[in-house]
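The values are calculated or read from the model by the stated rules, or taken from the named source; none is laboratory data. Note that this is a predicted model, so its numbers are computed, not measured. We place every Cβ from the backbone using ideal geometry, glycine too, and count neighbours over all the protein chains shown. The accessibility values were calculated without ligands, DNA or RNA, using every heavy atom of the protein model including side chains. Shrake-Rupley method; radii C 1.70, N 1.55, O 1.52, S 1.80 Å.
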Amino acid sequence: MRATKPATAIPAVALVAALILTGCGIGADEPVARTAPRELTGTIQLWHHYTDREAAVIQSVVRDFERLHPGLHVNVHSGQQDTKITQVVSSGGDVDVMLTNVNSTLGTLCKTMADLAPYMARDHVRAADFQGTFASATAFDDRRCSLPTTSDVYGLYYNKRLLGRAGYHDPPKTLDELGRMALKLTTYNPDGSIRTLGFDPLIGFGQNTSGTVSATSGARWMRGTEATTAASRQWHEILAWQRDLVKKIGYRKLKAFTAGLGDEWSANNPFQTGRIAMALDGEWRVAFVDEQAPHLDYGTAPFPVLAGSGQPYGGGYVSAADIGMSKQSGHKEAAWALVKFLTTNTGAAVKLANGLKNIPTLRRAADSPELEAGPQYRMFIEASKHPGANTSPITEIGATLVATMNDFWTTYQENGGNLDEGLRAVDTDINNALSLRRQK
Amino acid sequence: MTSTRSLPRPSVAKPRPAMRTRSLLASRLPVWSMMILGLIGLAVFFLYPLLANLYFSFTNYDLAGAPHWTGLRNYVYLFTQDSRVGKAALNTLWFVVILVPVRMVFSLGIGLLLSRRKTARGFWRTVFYLPALVPPVASVVGFVFLFNPGTGPINAVLRHLGITGPLWFNDPALSKPSLLLLGLWMAGDVMVIFLAALLDVPKDQYEACELDGANGWQRLRFVTLPNIRPVLLFSAVTGVIAALQYFTEAAVASMIANGKTGIDAGTDQLLGYPDDSLLTYTQWMYVQGFNSFQLGYASTMAVVLFLIAAAVMAVLLRRAGLFTKAQG
Amino acid sequence: MTVRKRVLTVFAEHAILIALGIMFLVPVVFVALTSVMNSGQTLTGALWPKPWEWSNYQRAFEKAPVASWFLNSLLYAGGSTLFMLVSSVPMAYVLARVRIRFANPIFFAVIVAMLLPPQVIQVPIYVLWAHLHLVGTLWPLVLPHLFGHAFSIFLLRQFFLTIPQEYTDAARIDGNGEWGILTRVMVPMAKPGIAAASIFMFFQSWNDYYGPLLYTSENPDNWPIAYGLASFHGTHSTDWGVIMAVTVLATLPVVVVFFFAQRVFVEGITLTGVKG
């Protein structure tokens, strides 16, 4: 080793230096043409996280876009996780337009996205065209790097037949009611294992995350730029409630039952097959039920809230998909045209909403008579406008924020332990991770 | 015959220095042409990354911008602030101190059984070796399905016997032992090496031993083990190195046992399931580097991994003199 | 030792072997049986298929581009093996037979490169491929083998060392240069070693999950079978019958190769450990 080092080290170091200096550091925003080009040509790459039926919906809207611009071709990369899209963009991959989740990704992805403000000013697109939290939340760090396409609202799905059989006519409005009903609705096999479950409270099951579940208590994550969950009464109460319900049903029974369930996104979804009577899920589930379990007799309602927490009933946890374009895109005008089409074209927004059964963020689309809204879906549109709708903070650490709490919560739901200490540790972890990201 | 003689021999002809260089070059050219690809490879895919990695470890680097020098910040985070890196390191340590020795003892046991057999040894060797060839991903997918607590055949069999089966890959306390079972099932590669070494142990040593009235344990202790010591050392060190980089089995087990598809959740939320019990050091490094895109911090983790691996390798290179010299 | 005790020992050893053998085969049998169950049955903990759903194998090809995964695995494994031979056979020969300067440090570097966990140098290598805009393709997986594969170099060198020096000397006297000695003497004599190195390289690439995860996961067109299998679960999570069918398909080629080359295999693996 000693003999080789001097000989090979010098060129190696030179190589490192050369690579870093010529590196594909993402530069500043370029100036924007004064008028939008009349004709667009070429091929652009759109990356998004939808799969299967949902990917087909995106594809059909993209086809409408291509019809408007015959010279343009959009190459769609579907089924890409947000982390994967971030990796591809960061490593200089061929990405022009990316569609990701605001809460888990915008904080890390924004700096690789082009500033949309000059394009918006030129083409008369205003933030006020969009409704709800995400009109402003799709900007990060004072940069308008993305616009919302559709938003998600979480609520309660309940199986009317199963509830009726147990003597219930209305869905629960508080978590205590939910817990009582869940216990009554749960049936067991002769060997003691769960046959059908009233409600699966495990964090990690389906859409149960620290973000969606804590929203039922209005628990706040941060003050300013610091995580402060340990100081929040609501955080203590929501974790205690969940742990209590898990204990009452039995952690091991729940775990065995959950492990044997079908995939959330397939026709084996346990709510759709009637193995679970009530579930916390997003508005898109309506579309999945329509396709995969059309005969299911079910209702939707705002998710119950923690009594005495100050969180009003009627809203729910909200999130959104946002779309932006890469700073490195060689086809910025075409990319912007696609972004603009997917976010501000009423027809496209309505088609997306109808297909995905997500909540339109474009005001004109939300008010459009063409929006096909059955009662189950209508409930979610109302919930998204409710003042009780809330979301988790969008930060530089992206999904790590919620993941850190999930981590603690999954341990806590099994073993219990000192809640205050645990939450303090979560705060410290989040703050340390934020500081590592922000280091200069 | 003649052509060899026509080659100038520097030591015999004693030509002037310039001549000598040229002829040396001529005679050495084929040799270096044989080495050139490999030498480029060592420089580009080994030495350069080692050094570059060291540099990155002192920076905040996300590939979107240029690396930004931050001194020891990443090291401080690793040793005092990252609460998951400790768990990950402990999980990896579990595989190093449990998986490696258990696999070796198990392989040695089977090797001993087979070495004593006179018939059908080839058949048995195939039976025990074959699982080691199955692609690890396929083995894990199979095992996680077989051990599914709700619907898997293993617990179904246990139910027929009146036993409530455990949660296996879904229980943080059992997920690593479940992977240990998989590790034993796949231990054939070690077993084959041991078996070959066992068959090489001189028969007369056993006979001498038996004449001295030694029992089975003493035979193992004083004849077998000393004879196969180099093989044991080799497989211990390669086993430890492999355990330090344990990734695929744990990652795939987590993703499949979790039941989540990862469509809306990132891989980082699936890895380690259940409760981070399968989060190994290299997985956490992968998450930091390629999911969170904190390449600087991932490089810091790599430096620490390098130091540990280097220490393990030092043992090998010291103890087994066989490696230290290329020739002569 | 009494006869009685001897008989008992033999009997006990047989019993242990048979019990262990069954335990080794059980997972294979269960997986194979599950691969012909319908999706409903796989969720019931059933042990015997009813009915036998052979169409799972057909559906595997319909539901996922299994054929394309096979092709990519073949490209990855075949390409790596070919490149490895081109680069590593000559280098191993030099390290085994030719006196050169820096032989020891070079050999030392090979050993360290062989033993070092690849993750240690992952970040800079990834950055390198990213700068070359090759992330998403199979090149980062295949191309490095054109520049030597440390384990293969080591294995081949061990094999070359077992060939008596007299053959090399005789070839030299016959007027062969180094390339001549390598191609006319060493390679023909080291065929089993070269075969073993090739098979190891092939299997390692065929089974690799980490590499494709890092470099080609974003591009389903370039997924090899090992990565495809792990992700197949993601999109068809509860169709265990089909998943097990793909599992069987992914394993089959490896097993077939093994049965054709069992001797080479066992000799090769033995060489790495014993003669090390």
> Cα-based Rg of the range C:3-57 per 2.2 N^0.38 Å, rounded to two decimals?
Replying inline: 1.78
> Per 20 Å bin from zero, what fraction in whole % of the C-alpha pairs of chain B is there, up to the bin with the longest pair?
Replying inline: 22, 44, 27, 6, 0
> Label point 7 Å out from A:Asp367 along Cα-to-Cβ: which residues of the range A:123-150 have amide N under 12 Å?
Replying inline: A:129-131
>> Can you tell me the orientation of helix A:400-415 relative to chain A, as the angle in degrees between its alpha-carbon axis and the longest Cα principal axis, to the nearest 10?
In response: 30
> Any idea of the total accessible area buried by the A-B contact, 1.4 Å probe, rounded to 100 Å²?
Replying inline: 4300
> How are the C-alpha pair distances of the range B:168-300 spread across 5 Å bins, as whole percents from the shortest bin up?
Replying inline: 2, 9, 14, 14, 12, 11, 9, 8, 7, 6, 4, 2, 1, 0
> Per residue of chain C, what 222 nm ellipticity follows from adding -39500 (n - 2.57) for every DSSP H run with n ≥ 4, rounded to the nearest 500?
Replying inline: -22500 deg cm²/dmol
> If you add up the charges near A:Arg165, with Lys and Arg at +1 and Asp and Glu at -1, over every other residue whose beta carbon is less than 12 angstrom from its beta carbon, what do you get?
Replying inline: +2
>> Could you tell me what a quarter of the Cα convex hull surface of the range C:55-198 works out to, in nm² with one decimal place?
In response: 11.9
> Taking chain C as a Gaussian network, where each spring joins two C-alpha atoms under 10 Å apart, which residue of C:Leu82, C:Leu33, C:Leu116 fluctuates the most?
Replying inline: C:Leu116
>> Could you tell me the relative contact order of the range C:3-57? Use alpha-carbon pairs under 8 Å, at least six residues apart, and round to a whole percent.
In response: 28
> Most mobile of B:Leu270, B:Leu37, B:Leu279 per a Gaussian network model of chain B (Cα springs, under 10 Å)?
Replying inline: B:Leu37
> Considering chain B as a Gaussian network with a 10 Å cut-off on Cα pairs, which listed residue, B:Thr248, B:Thr119, B:Thr70, attains the greatest mean-square fluctuation?
Replying inline: B:Thr119
> Which whole-number value in Å³ per residue fits the convex hull of the alpha carbons of the range A:265-388?
Replying inline: 144
> Pulled fully out, how much extra length does the chain show between A:His124 and A:Glu291, if you take 0.36 nm times their separation in residues and subtract their Cα-Cα distance?
Replying inline: 56.3 nm
>> Quick check on the protein assembly as shown: of the DSSP beta bridges with both residues there, what percent are antiparallel, nearest 5%?
In response: 70
> Setting aside same-chain residues fewer than 8 positions from A:Lys84, which aspartates and glutamates have a Cα under 17 Å from its Cα?
Replying inline: A:Asp94, A:Asp96, A:Asp322, A:Glu396, B:Asp62, B:Asp264, B:Asp268, C:Glu218, C:Asp221
> How big is the charge dipole of the protein assembly as shown about its Cα centre, in debye rounded to the nearest 20, if each Lys and Arg gets +1 on its Cβ and each Asp and Glu gets -1 on its Cβ?
Replying inline: 3640
> In terms of modelled amide H atoms, which long-range or inter-chain residues lie less than 5 Å from the amide H of A:Thr395?
Replying inline: A:Gly107
> When Lys and Arg each count +1 and Asp and Glu each count -1, what net charge do the other residues less than 13 Å away from C:Pro140, Cβ to Cβ, add up to?
Replying inline: -2
> Hey, with R₀ at 41 Å, roughly what FRET efficiency would C:Thr183 and C:Leu134 work out to, going by the Cβ-Cβ distance, to 0.05?
Replying inline: 0.80
>> For a 24 Å ceiling on Cα separation, which of these pairs sit above it: B:Lys118/B:Lys203; A:Lys111/A:Lys340; A:Lys248/A:Lys385?
In response: A:Lys248/A:Lys385
> For B:Thr126 and C:Lys191, FRET efficiency with R0 = 35 Å and r from the beta-carbon atoms, rounded to 0.05?
Replying inline: 0.95
> Is it possible to state the helix-based mean residue ellipticity at 222 nm for chain A, with each DSSP H run of 4+ residues giving -39500 (n - 2.57), the sum divided by total residues, to the nearest 500 deg cm²/dmol? What is it?
Replying inline: -13000 deg cm²/dmol
> Where in the range C:25-70 are there chymotrypsin sites (Phe, Trp or Tyr not before Pro) that are in a DSSP coil and have at most 16 other Cβ atoms within 10 angstrom of their Cβ?
Replying inline: C:Trp52, C:Trp54
> What angle, in degrees between 0 and 90 and rounded to the nearest 10, separates the Cα long axis of helix A:332-344 from the longest principal axis of the Cα atoms of chain A?
Replying inline: 30
> B:Gln81 label point, 7 Å along Cα→Cβ, cut-off 20 Å on backbone N: hits in the range B:276-316?
Replying inline: B:284-305
> With all pairs of different alpha carbon atoms counted, what Kirkwood hydrodynamic radius in Å does chain C show?
Replying inline: 21.9
>> What is the angle, in °, between the Cα long axis of helix C:66-97 and the longest principal axis of the Cα atoms in chain C? Nearest 10 is fine, range 0 to 90.
In response: 20
> Of all accessible surface on chain B at a 1.4 Å probe, what whole percent is carbon and sulfur?
Replying inline: 66
> Roughly speaking, to the nearest percent, how much of chain A's 1.4 Å accessible area is carbon and sulfur?
Replying inline: 53
>> Residue by residue through C:98-107, how many Cβ atoms from other chains fall within 10 Å of the Cβ on average?
In response: 6
> Pairs A:Lys253/B:Lys176; B:Lys87/B:Lys176; A:Lys327/A:Lys357; A:Lys160/A:Lys357: which are spaced more than 25 Å apart, C-alpha to C-alpha?
Replying inline: A:Lys327/A:Lys357
> Quick one: if you take sqrt(5λ) for each eigenvalue of the C-alpha gyration tensor of the protein assembly as shown, what semi-axes come out, biggest first, whole angstrom?
Replying inline: 53, 38, 25
> What spacing in nm lies between the two simple spin-label points modelled at A:Leu183 and B:Gln218, each 7 Å away from Cα in the Cβ direction?
Replying inline: 6.8
> Does a label point 7 Å from the Cα of C:Asp174, set along Cα-to-beta-carbon, have any residues of the range C:180-196 with amide nitrogen under 17 Å, and which are they?
Replying inline: C:180-191
>> Filter chain B for me: DSSP H helices, axial length by Cα at least 27 angstrom, mean Kyte-Doolittle hydropathy not below 1.6. List them by residue number.
In response: B:295-319
> How high is the FRET efficiency between C:Thr9 and C:Arg99 when r is their beta carbon distance and R₀ equals 60 Å, given to the nearest 0.05?
Replying inline: 0.65
> Roughly how big is the B-C contact, given as buried accessible area in Å² (both sides, 1.4 Å probe, nearest 100)?
Replying inline: 9000
